[in-house]
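What follows is one structure encoded as structure tokens, with my remarks underneath.
The values are calculated or read from the model by the stated rules, or taken from the named source; none is laboratory data. Just so we're clear, the structure is a prediction, and the values are computed from it rather than from any experiment. When we count neighbours, we look across all protein chains shown, and the Cβ atoms used for this are built from the backbone with ideal geometry, even at glycine. For accessibility, only protein heavy atoms count, side chains too; no ligands or nucleic acids. Shrake-Rupley method; radii C 1.70, N 1.55, O 1.52, S 1.80 Å.
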Amino acid sequence: MTEPEVQLDVFGPLRIYVDGRLLKPSGRAATLLTYLALEAAPLHRLAAARLLWPLAGKAGLQNLRVELSVLRRQGLDLSPHRAPHLTLRAVLRPSVPGQEPLADFNDHGNPLLRDWAEQQRLRLRLLGTAPGLDLPTTSPSGAASAEAGPLAWLASQLRVRLEPVVAAARHRPQLLVYVGRQASGRRETLRRLLPELGLSVVEVSAAPSSDEMLPSLLLNLCPLLEGSARHDAETLLHTPHPDLLLAHLGRLLRSVRAPLAVVLHGAERLGPQSVGMVNFLMDLPRPLLTVAVTTPAGAEGLEVLLSAHARPGQLHVAAVPLLTTESFTDPAGTFAQHAERVRQSEGWLAAASSPELQAPLSGLRARLNADVKRVLRAEVSAAGLELAAFRLLAAVPSPFPEGTALKLLTGRGRTEAQAHAILEAGLATGVLERVADVLEVTLPQGTARVPDGLYPLAFASELQRAALAAGLDPSERTSLRQVAGPPPVSRPRLSGVLDAQPTPPPARPQLSQAHRLPSGFLLLQGEGSFSVMRLGAPGHTAPTLYVQLGAPPDAQNWQFDFQLQGIDPAALRSPLHVVAPAGGDRGPAALLGWSGDLEPDTWYRASGPLAAGGRRLRLCLQGSDVLVHVTGVSFF
């Protein structure tokens, strides 16, 4: 029987065409078809029933059988020969001007489907179509073409890390843990890069049970098989015995001629039982790369779980890099525009790709659209955190004492034990962090040092904090802002002045490395240059950041050029100061101010003496909103 041609319009009202004929599915069938088309991967019947009828229990499977039977009569068979997995090969039509993606998608009250839809809307809005389906787009907004630069840059950064791993995988199986936030470009970079490196790709959604993963792997493997091997695989799909699948899977994998990559999405869901499949893959005598895609919160536990199944030299870890000023290729954009785009997006692709950050930016904070805010909130839900509790915390001025957070949560119906658990979970997943008054970073290493101690709490991402707080009623936000202000911060004093003279702008700094520092600071580095930036909010405070640069032993003086993109009025007229030579090597310290007012967006040159016997230049940055560029650092 010939497989029908299926096309979907996912921009505006959903329309599904089977061999050119408009299909009229039920509400839940439409949701199922949309999910299968955008995921482009098989879905186990049990998982489908849980998505569509989350509270129905065993009755959900019976409901699913009815829906599949109706679709079959309409000419669309999602499980040929009653296979345990549902699959749909579909083409997504290009975007339509003025139409929002998944405009009438129904999540049927399932939070998991709601979060999934929010992430898909963002992807579709940015790319003009479902990622990875190679469908030409005609996005009128130009978002797809604008994002070719950052996505290509992300792929180029991953290529450097991946090429030696792929070379090793041609001799014995290798395992790569690929770490990144949701909607950070993880899936898109892999789908772009792995085929370019000569690998055939099989994608699977990870699960705690190998009973769900094995049929998915086998089904996705089928297109790569030929002749009798493909026939055997299709026959095995109908076996109810997972052990039999595993026994034959090795033979089928060995029959694939091309080097192979198996990509496990959501690898943080792997458990002691399903990780055995990874062990099986690592023992295969064939060229093979297994990529376990996970979140930053899930990375550490996943590495521990996988390390027992990889021999020395087989386990590798790579992270989706943060965006830098070098990530954008639009010729009209200036260095200052790209730097502001990185600052206001906090180096995150999903935010940087929003239409609000595509336009020319000033120092004023752009309002991100509802899609990006929903994805930021969905990331909190996906980490297993209680969204309502973190919305409350997000409205409190930060950093806030732990006691203030506990009092707020217990006053809103949580027990003391529950309140402690909420804060511990926030810290464990990286949504919250402890914030000291002083933060030290050393260049060129880019390493940060935070003093030990139980410091006040703050959200690690200002964008995520704002997205959570936006979900509250305005009157409640206003009330919560009065709960407790940030604790007093000891600021260093001014003990002298330095002269800073305007200087011609230097050549564009090449900042190719990015480091996320505690307390929301982002450090971009390049040869002889660096930028420090932070996105803040009124009423919230930031620690004092000290940046240390090593000097040659015989140096007596220093010199550098700098530019301030916007000046925080609360930061003593300038966010950047030089620590006085007598100030020592640790804060708090005495600072040297500037002899005159500094103008934003103007380049200045400053110079001065090092401390007697000193081997480092120490700079101080203060302020909630910071964007400072330093280049041409020299010692003489």
Could you tell me whether residue 391 is outside any strand (DSSP E or B), charged (D, E, K, R) and either modelled with pLDDT under 90 or on the phi > 0 side of the Ramachandran plot (or both)?
no
Any residue in the range 79-101 that is surrounded by fewer than 18 Cβ atoms within 10 Å (Cβ to Cβ) and within 18 Å of residue 373 (Cα to Cα)?
yes
When residues of the range 288-304 are filtered for being assigned to a strand (DSSP E or B), of a type in the set (Val, Ile, Thr) and more than 18 Å from the chain's Cα centre (by Cα), how many remain?
1
Within the bounds of the range 336-343, is there any residue that is surrounded by fewer than 21 Cβ atoms within 10 Å (Cβ to Cβ) and not hydrophobic (A, V, I, L, M, F, W, C)?
yes
Which members of the range 5-16 meet the condition of being open to solvent by less than 30 Å² (accessible area, probe 1.4 Å) and either under 23 Å from residue 203 (Cα atoms) or assigned to a helix (DSSP H, G or I) (or both)?
6, 8, 10
Search the range 306-318 for residues being open to solvent by 40 Å² or more (accessible area, probe 1.4 Å) and in a strand (DSSP E or B), and hand back the single one that is nearest to residue 175 (Cα to Cα).
315
Among the numbered criteria (1) closer than 30 Å to residue 430 by Cβ; (2) surrounded by fewer than 16 Cβ atoms within 10 Å (Cβ to Cβ); (3) of a type outside the set (D, E, K, R), which single criterion is violated by residue 285?
(1)
Can you name the condition, by its number, that residue 389 falls short on among (1) closer than 14 Å to residue 467 by Cβ; (2) surrounded by 19 or more Cβ atoms within 10 Å (Cβ to Cβ)?
(1)
Of the conditions (1) in a helix (DSSP H, G or I); (2) under 21 Å from residue 544 (Cβ atoms), residue 420 fails just one. Which one is it?
(2)
Selection from the range 610-636 of residues that are open to solvent by less than 60 Å² (accessible area, probe 1.4 Å), in a strand (DSSP E or B) and of a type outside the set (A, V, I, L, M):
618, 620, 629, 631, 632, 634, 635
Being at pLDDT below 70, crowded, with 17+ Cβ neighbours inside 10 Å and more than 21 Å from residue 28 (Cα to Cα) narrows it down to one residue among 155, 143; which is it?
143
From the residues in the range 28-51 that are in contact with a strand residue (DSSP E or B) (Cβ under 6 Å, 6 or more places away or on another chain) and open to solvent by 10 Å² or more (accessible area, probe 1.4 Å), which one is farthest from residue 212 (Cα to Cα)?
41
Counting only residues that are touching a residue at least 24 places away in the same chain (Cβ under 8 Å) and either touching a Cys at 6+ places or on another chain (Cβ under 9 Å) or part of a strand (DSSP E or B) (or both), how many does the range 17-38 have?
3
Out of 494, 524, I need the residue that is within 16 Å of residue 442 (Cβ to Cβ), hydrophobic (A, V, I, L, M, F, W, C), in contact with a His (Cβ under 9 Å, 6 or more places away or on another chain) and touching a residue at least 24 places away in the same chain (Cβ under 8 Å). Which one?
524
What number of residues within the range 52-78 are open to solvent by 20 Å² or more (accessible area, probe 1.4 Å) and either modelled with pLDDT of 85 or more or over 36 Å from the mean Cα position of the chain (by Cα) (or both)?
15
Restricting attention to the range 266-282, report how many residues are of a type outside the set (D, E, K, R) and open to solvent by 20 Å² or more (accessible area, probe 1.4 Å).
5
Tally, over the range 585-609, of residues that are modelled with pLDDT of 85 or more, under 25 Å from residue 552 (Cα atoms) and open to solvent by 20 Å² or more (accessible area, probe 1.4 Å)
4
List the number of the failed condition for residue 99; all other conditions in (1) in a loop (DSSP other than H, G, I, E, B); (2) touching a residue at least 60 places away in the same chain (Cβ under 8 Å); (3) under 23 Å from residue 204 (Cα atoms); (4) not hydrophobic (A, V, I, L, M, F, W, C) hold.
(3)
Restricting the range 182-211 to residues that are surrounded by fewer than 22 Cβ atoms within 10 Å (Cβ to Cβ) and charged (D, E, K, R), the residue that is farthest from residue 430 (Cα to Cα)
196
How many residues does the range 367-381 hold that are surrounded by fewer than 21 Cβ atoms within 10 Å (Cβ to Cβ) and aliphatic (A, V, I, L, M)?
1
Being open to solvent by 20 Å² or more (accessible area, probe 1.4 Å), more than 28 Å from the chain's Cα centre (by Cα), within 20 Å of residue 600 (Cα to Cα) and not acidic (Asp, Glu) narrows it down to one of 501, 563, so name that one.
501
Quick one: residue 398 ticks every box in (1) of a type in the set (S, T, N, Q); (2) touching a strand residue (DSSP E or B) at 6+ places or on another chain (Cβ under 7 Å); (3) at pLDDT 90 or above bar one, so which box is it?
(3)
Kindly indicate the residue of the range 438-465 that is surrounded by fewer than 16 Cβ atoms within 10 Å (Cβ to Cβ) and outside any loop (DSSP other than H, G, I, E, B) and also modelled with the highest pLDDT among those meeting that condition.
442
Any residue at all in the range 358-366 that's surrounded by fewer than 18 Cβ atoms within 10 Å (Cβ to Cβ), in contact with a helix residue (DSSP H, G or I) (Cβ under 9 Å, 6 or more places away or on another chain), among the small types (Gly, Ala, Ser) and farther than 19 Å from residue 152 by Cα?
yes
Starting from the range 591-607, take each residue that is of a type in the set (S, T, N, Q) and list its partners that are in a loop (DSSP other than H, G, I, E, B), counting only C-beta distances under 6 angstrom and pairs at least six apart or across chains.
595/499
Mind telling me which of the residues 259, 285 ends up being more than 19 Å from the chain's Cα centre (by Cα) and without any contact (Cβ under 8 Å) to a residue 60 or more places away in the chain?
285
Could you pull out every one of the helices (runs of 4 or more DSSP H) wholly within the range 319-388 that has 3 or more residues that are at pLDDT 85 or above?
335-345
